[in-house]
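The values are calculated or read from the model by the stated rules, or taken from the named source; none is laboratory data. Just so we're clear, the structure is a prediction, and the values are computed from it rather than from any experiment. Methodologically, a virtual Cβ is constructed for each residue, glycine included, from the backbone with ideal geometry; neighbour enumeration extends over all protein chains shown.
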Amino acid sequence: MLEDHGVNTVEHHVFREFDAGIQQVQRNPGPYAIKPLGEVQNVKRLLYVGDEDDGGDVVDVLRAYKEAWGHRM
């Protein structure tokens, strides 16, 4: 939406499956932020900002979210 009005934003991706997000991080290592969409998008404790250069922490968090929340996202 912001891009539609000429506002610069950071690169972002929307994934419908956890495994696709995990693959993205593994193929393109770097620090990432996670913001869930869907039914649980307002659960603030699910927001996560990674700090490992290889994205390993984000992969771990996505795997944990898949196990705990996969049926609701």
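With the condition kept exactly as written, say whether any residue in segment 42-52 is surrounded by 11 or more Cβ atoms within 10 Å (Cβ to Cβ), within 15 Å of residue 70 (Cβ to Cβ) and modelled with pLDDT under 90.
If we filter segment 42-52 for residues that are surrounded by 11 or more Cβ atoms within 10 Å (Cβ to Cβ), which is where we start, we get 43, 46-50, 52.
Within this subset, residues satisfying the condition of being within 15 Å of residue 70 (Cβ to Cβ) are 43, 46.
So of that shortlist, the ones also modelled with pLDDT under 90 come out as 43, 46.
Yes, segment 42-52 has at least one match.
Restricting segment 1-39 to residues that are touching a Gly at 6+ places or on another chain (Cβ under 6 Å) and under 14 Å from residue 50 (Cα atoms), which is surrounded by the fewest Cβ atoms within 10 Å (Cβ to Cβ)? Break it down stepwise before answering.
Here is the first cut: in segment 1-39, the residues touching a Gly at 6+ places or on another chain (Cβ under 6 Å) are 15, 25, 29-32.
Among the residues that remain, those that are also under 14 Å from residue 50 (Cα atoms) are: 25, 29-32.
Values: 25: 22, 29: 14, 30: 11, 31: 14, 32: 22.
Among residues in segment 1-39 that are touching a Gly at 6+ places or on another chain (Cβ under 6 Å) and under 14 Å from residue 50 (Cα atoms), the one surrounded by the fewest Cβ atoms within 10 Å (Cβ to Cβ) is 30.
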Within segment 56-70, tally of residues that are aromatic (Phe, Trp, Tyr) and at pLDDT 95 or above: 0
Specify the residue that is nearest to residue 69 (Cα to Cα); the eligible residues are those in segment 1-32 that are under 11 Å from the mean Cα position of the chain (by Cα), part of a loop (DSSP other than H, G, I, E, B) and in contact (Cβ under 8 Å) with a residue 24 or more places away in the chain. 32
